[in-house]
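The structure appears right after this line, and notes come after that.
Computed from the coordinates by the stated procedures, all read-outs in this text should not be read as laboratory data. If you're wondering where the values come from, they're calculated on a predicted model, not measured in any experiment. Using ideal geometry, Cβ is built from the backbone for each residue, glycine included, and neighbour counts are taken over all protein chains shown.
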């Protein structure tokens, strides 16, 4: 990969937002870190393990938004295996603190991609510690990421998911096999009220037979709750009353890269009246 000269790079890299009343004398270091940050972003987008290996310190400790601590080997393995694939990484609100041999960068990142076959998108804030190695190369030695919560967005999520529950009982979203298949992820599965695990193929076959003729249903949904598990992944719980048959329901939903809600998992447990 060919990199632009320092002057050209300054034109394309994100603007560093500097707090007021602080004067930076380390312009050269700033430019080096900006270029390193952009190289890292591009390498993450393309899963370029050679560049990632160059930019990540062997001593890396990275705590992700789920509280997991990852090493350099863990990070490289995610990209090399194809488990993690980014489609977009759009930075904003970048800030930097620098010294002669160390720099701390904080940046918001709007992202989308696929993790372990499941699409995701969301907003995270990354904090990275860059250290100048013995061979005079900047490397990330520590980092942390956290989800940026958006209360307004969560209210929209709750509204959208409440309209889709109970799953497979909302004819306005379709009643054909193709409609139901579009509602679930490729790896969807379900645990029924009996405790039996059902595959996606079994569920689709059952729904197709059920809706081969007109279906009339009566139900009441109460105690609806929604919790964000990670970017674009949500847990919904509620109690369902189907003509006196009570069950506690749990659904895991994801909002895929195309902006479509899909079901990852569902469970129904019978409860006493």
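If you take every DSSP beta bridge fully contained in the chain, what fraction is antiparallel? Give it as a percent rounded to 5. Roughly 90 percent of the beta bridges in the chain run antiparallel, per DSSP.
Between residue 156 and residue 136, what FRET efficiency comes out of the Förster formula 1/(1 + (r/R0)^6) with R0 = 45 Å and r the beta carbon distance, rounded to 0.05? According to the calculation, E is roughly 0.40.
Relative to the current alpha-carbon distance between residue 235 and residue 194, full extension at 0.36 nm per residue lengthens the span by 12.6 nm.
Only DSSP H runs of four or more residues enter the estimate; each adds -39500 (n - 2.57), and after division by the residues of the chain the mean residue ellipticity at 222 nm equals -8000 deg cm²/dmol. Using only Cα atoms and rounding to the nearest 10 degrees, what angle (0 to 90) does helix 27-46 make with the longest principal axis of the chain? Once rounded, the angle reads 30 degrees. For segment 149-220, the spherically averaged projection of the C-alpha convex hull amounts to 6.5 nm².
Antiparallel beta bridges, as assigned by DSSP with both residues in segment 185-273, represent about 90 percent of the total such bridges. Tell me whether the chain comes out rounded, prolate or oblate; compute the Cα gyration tensor, take square roots of the eigenvalues as a ≥ b ≥ c, and use a/c under 1.5 as the rounded threshold. Prolate, since a/c reaches 1.5 and a/b exceeds b/c. Extension gain for residue 110-residue 46 works out to 21.4 nm (0.36 nm per residue, less the C-alpha to C-alpha distance). Apply the a/c threshold of 1.5 to the C-alpha gyration tensor of segment 37-90 and tell me whether it is rounded, prolate or oblate. Since a/c stays below 1.5, the shape of segment 37-90 is classed as rounded. Working from label points 7 Å from Cα in the Cα-to-Cβ sense, the residue 227 to residue 81 distance is 2.6 nm.
The relative contact order of segment 173-273 comes to 27 percent, based on Cα pairs under 8 Å that sit 6 or more residues apart. Rounded to the nearest 5, the antiparallel percentage of DSSP beta bridges internal to segment 119-273 is 90%.
Between residue 71 and residue 31, the contour length at 0.36 nm per residue exceeds the Cα-Cα span by 11.7 nm. Label segment 54-192 by shape, choosing from rounded, prolate and oblate, from the square roots a ≥ b ≥ c of the eigenvalues of the Cα gyration tensor; if a/c is under 1.5 it is rounded, and otherwise prolate applies when a/b is larger than b/c, oblate when it is not. Verdict is prolate for segment 54-192.
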